[in-house]
Structure formats: C-alpha cells, structure tokens
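Worksheet: the structure to be examined is printed underneath.
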Amino acid sequence: MAEGEDNSSALLEKLGYKQDLDRTLSFFANFGIAFSYISPVVGVYSLFGYALKLGGPAFVWSLPIVAFGQFMVALVFAEVASAYPLAGALYQWGKLLVGPRYGWMVGWIYGWALLTTIAAVDYAGAPYVAQIFGLEPTPSVKLGIAVVLLVVHSVFNVVGVRASAFITNLGVAGEVSATVVIAGVLIAAGLSQPASVLFTTAGAGEGGSYLPGFMAAMLGAVWVFYGFESAGDVAEEVVDASRKVPRAMLASLGSAVAVTALLMVTLVLATPSFEAAMADPNKAIPLIFEARLGKVMAAVTLVLIVFAYFSCATAIQAACARLVFAYARDKKIPGWKTLSIVAPASKAPIASLVFTGVVALVTLLLTGLVADAEAVIVSYAAVGIYVSFQLVVLGYLMARRRGQRCGGHFQLGRWAMPVAVVAQIYGVLMIVNLVWIRDGGWFPLGSALAVSISGLLVLFLRERTSNV
C-alpha cells in the first residue's frame, strides 16, 4: 500500500454518496472495533468446554485450519474494502460486485446475523455479571441483566462513534490483559498436563471415527474467527479508509488468532482432569480456575471477561447500525427517511442504532417466552455470517470472471483468483459443517433457510410493490 494523501471523501463522492458520518476513526480505533467484535475471550469462554468435550485436547489443531481459511476470506475482503470503503460493507460489496438484488440479499442475511449476535452476546455475558454480584443465574435474572447490558451499550453507540471507539479500545486492552493474566498465572502455577496431550483425544470419539467429533469441535474456532469485516462496516468514519480498513481487518484477525491459540492451548494444558472437564462443558473453565487461580485473580479475570462481552456487543451493534443506515440511505427498507437520519451533534445514525437496539431487545425477550428460541438465535448467528461471507467471495469471483477489477490501495494481484477460490472452497465446507444435523438438530439449517427464503420473499414483494 503506497502512502499518500487521504482521498476518502472524494472516493465516497465518486461512489455516489456524501460525507454525512463523522470521519474521525484512526487505524487503532478501526482495529479496536473489529478486534472487539471477534473478541477471542468471549469465544474462548463460550466454547472451550464444548470443543474439549467433542474433540478432546487435539481439538486445538482445528484452530490453524479455520484461521487459514478465514485469512483467505479476509484477503478478499481487504481488496474489496479498499476499493469500496462504504458503510454497510457486505451489502455494498455485493451490490457493486454483482448487482442491487444480490447486494440486498447479502445484506439481509448478514444483517439478521448481526442482530441475533447482539442478543446472543448480551445473553451469554449475563451469567458472568450475575456471578460478580452473587446472583443465581436463573433465566429471568440472565434476561434482566442482558437487557441492561443492551441498553447501556446502545447509549454509548448513540452518543457517537468516538464513544463506541472508546469502549472498544478499552475492550482491546481488556482482552489482551485477560489473556496475559490468565495464561501467565496458569503457567506460573504449573501446568497440569504435558505438551504431548495436545495430540490425544482423551476419549473423545471412542467407539468410532474421530473425524465427526473433530469437525464438530472445529465449530469452536469457526464461531470465534469472524467479525474482522466490521472494520469495513464503519469505513465511512475511518480516516484514509482505503488504506486503513484493509490493515485493520487483517491485523484484527491475526491478533485474534494469536490470542485464541494462546488461551486455548494454555487452558488445555492447565486442565487438572480431562474426565471432569469433558463431563460438563459449562464447568470446564471454572474447574481450571478453581484449581489454578486464587480468589483475587479469579475475580479480576471475571471482570475482564464481562467487559470483553460488553465491548463485543458494542462493536457488533455499531456495525449493524451502519448496515441499516446503508440500506436506508439507498431507500431499500421501509422507514428509510427516518433510518437514514444522521444526528447533527453526534454524527451518528441514531434512528438506525435505536432500531438495532429494539430488534435485539425483542430477540432477547423471545428467549424467555418461546421454547428453543435461544438455540435458534445462537445457531443462526454463525451460519448467517458464513453464508453472507461466501456470497461476497462468490460475487468477487463472478466480477473477476467478467473482467471487473477492484481499485483501491490493497491489491492481491496475480494471487487474487487462487486466494478467492481457496476462500470459497473453505467457506462452503464450513457452511456444510455448521448446518450438519447433530445434537443441535435442525436449528442451524432451519434458521438459515428461514432467513434466506423470507429475504427472497421480501425482495420479491418490495420490487413488485414498487412497480405498481
């Protein structure tokens, strides 16, 4: 990437938009939003126990597989984001690579994934908050705490992108601190297991092939290594976006891979008993902490974990609101006049932020009112992200075949097609892995089909109505 003057506003105008949002984010602030969305600490603490149960200690070898595949996707995204640094990222990329209808569907699938993820992260963080205050994590208590978390991070986002960036920057510091504290203390206390256990299954997959268990355990990494694209969602608020957004994407993914690998490997080696840890996934990490961390360090770690969840939800909502704003600015959704308003003082798309908060609130309430709602919400969060990712990669391949080349400061050059093909193959395989019918039943596949079919129906009705 050659350095030069910032032509962000001129590029935005060339793409057909005026500068309404506040272009103030630095590279680190942009990186912070993406890293906080990925949130390795959130991913590790949510999924470590399940990955260990399904794949045993050897599940850690799924991390480099997923990291490599996602890095291929991130390289494609980096080139597209450099050429089209627009709010709403994936929606805009699909539109400019293939066409308006294609972009609309990409954004629909991606948007519902973001909305459900906001609710999922708030709800998943609630038990840790309850633990800090000594509350019994009953469903009603978790729901109440999740609603409070949603309201608080919505307020920060409404104040403006600088307030959001402040929270996510603190989130980066908190995640790194949590990693250093946890890994450092566990290593200093003396690891329970030798390094050789990383090549064992500890009984996982006994009585049959190990591959199904390993593929299921791989979903732990699949769930962690996305969110880097959010650097592109806020591109219109980044200074010198064509250069800095691609850097932020790749740096956030690389950093998240390093942090996740360190935490996962350390936790495996610090596990006092694989039999006990694999018996109940929810108790795997508490079991390690009780054995290796003192009460003070456990309390400090708990606070850092809670803030990781909070900054993660803040980043996701910020990204989602920019997607809604992008749709509204293009007059592609009902209420577009209101949803496209940017507040003069904060330069934030307040109506879009309020909309995301309300939808996330409804989603949270459904978890307490509808049986299996939480399972559907959590299932769709990752599936929707991966499907929308692969639609963009497919659009990139289609554009390249037509001879369309992305401009911008980040270029893959002669590696463009090989990288994109590998990214597409990887992504399709991971989507199959995500929707495969396992103990989770039909939820992943069913939720993906429901959102996709409803999107096609809405698109058909919207176009038919507009032509009347």
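The values are calculated or read from the model by the stated rules, or taken from the named source; none is laboratory data. Only a predicted model underlies this, so the values are computations on that prediction, with no experimental measurement involved. Positions of Cβ are backbone-derived with ideal geometry, glycine not excepted, and every protein chain shown enters the neighbour counts.
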Legend entry - Subset of the stretch 306-329 [aliphatic (A, V, I, L, M), surrounded by fewer than 24 Cβ atoms within 10 Å (Cβ to Cβ) and out of contact with any Ser or Thr (no Cβ under 8 Å at 6 or more places or on another chain)]: 306
Inset, instruction - Return the residue satisfying two criteria in turn: it lies in the stretch 316-359 and is of a type in the set (Phe, Trp, Tyr) and at pLDDT 95 or above, and of such residues it is farthest from residue 21 (Cα to Cα). - result: 355
Inset, instruction - Take the stretch 162-197 and flag every residue that is over 10 Å from residue 304 (Cβ atoms) and hydroxyl-bearing (Ser, Thr, Tyr). - result: 164, 168, 192, 196
Legend entry - helices (runs of 4 or more DSSP H) (entirely within the stretch 276-369) containing at least 1 residues that are under 18 Å from residue 46 (Cα atoms) and touching a helix residue (DSSP H, G or I) at 6+ places or on another chain (Cβ under 9 Å): 284-292, 295-329, 350-369
Inset, instruction - Inspect all residues belonging to the stretch 133-140 and state whether any of them is in a helix (DSSP H, G or I) and either within 19 Å of the chain's Cα centre (by Cα) or hydroxyl-bearing (Ser, Thr, Tyr) (or both). - result: yes
Inset, instruction - Identify all residues within the stretch 379-421 that are touching a residue at least 12 places away in the same chain (Cβ under 8 Å) and part of a loop (DSSP other than H, G, I, E, B); write none if there are none. - result: 404, 406, 407, 408, 409, 410, 411, 412
Legend entry - In the stretch 422-464, residue nearest to the chain's Cα centre (by Cα) [restricted to those that are in a loop (DSSP other than H, G, I, E, B) and either of a type in the set (Phe, Trp, Tyr) or loosely packed, with under 14 Cβ neighbours inside 10 Å (or both)]: 436
Inset, instruction - Among the candidates 59, 68, single out the residue that is assigned to a helix (DSSP H, G or I) and either surrounded by fewer than 23 Cβ atoms within 10 Å (Cβ to Cβ) or of a type in the set (S, T, N, Q) (or both). - result: 68
Legend entry - Residue check, residue 143 within 11 Å of residue 310 (Cβ to Cβ), touching a residue at least 60 places away in the same chain (Cβ under 8 Å), touching a Gly at 6+ places or on another chain (Cβ under 9 Å) and assigned to a helix (DSSP H, G or I): no
Inset, instruction - Quick one: count up the residues across the stretch 190-207 that are modelled with pLDDT under 80 and either out of contact with any helix residue (DSSP H, G or I) (no Cβ under 7 Å at 6 or more places or on another chain) or surrounded by fewer than 16 Cβ atoms within 10 Å (Cβ to Cβ) (or both). - result: 2
Inset, instruction - Answer yes or no as to whether residue 360 is surrounded by 24 or more Cβ atoms within 10 Å (Cβ to Cβ), under 20 Å from residue 89 (Cα atoms) and touching a residue at least 24 places away in the same chain (Cβ under 8 Å). - result: no
Legend entry - Hits in the stretch 195-245 (condition: closer than 14 Å to residue 37 by Cβ and aromatic (Phe, Trp, Tyr)): 223, 225, 226, 228
Legend entry - Unmet criterion (only one of (1) assigned to a helix (DSSP H, G or I); (2) within 27 Å of residue 242 (Cα to Cα); (3) under 17 Å from the mean Cα position of the chain (by Cα); (4) not basic (Lys, Arg)) for residue 46: (2)
Inset, instruction - Return the total of residues in the stretch 219-259 being among the hydroxyl-bearing types (Ser, Thr, Tyr) and outside any helix (DSSP H, G or I). - result: 1
Inset, instruction - Consider residue 158 carefully, then state whether it is over 30 Å from residue 62 (Cβ atoms) and among the β-branched types (Val, Ile, Thr). - result: yes
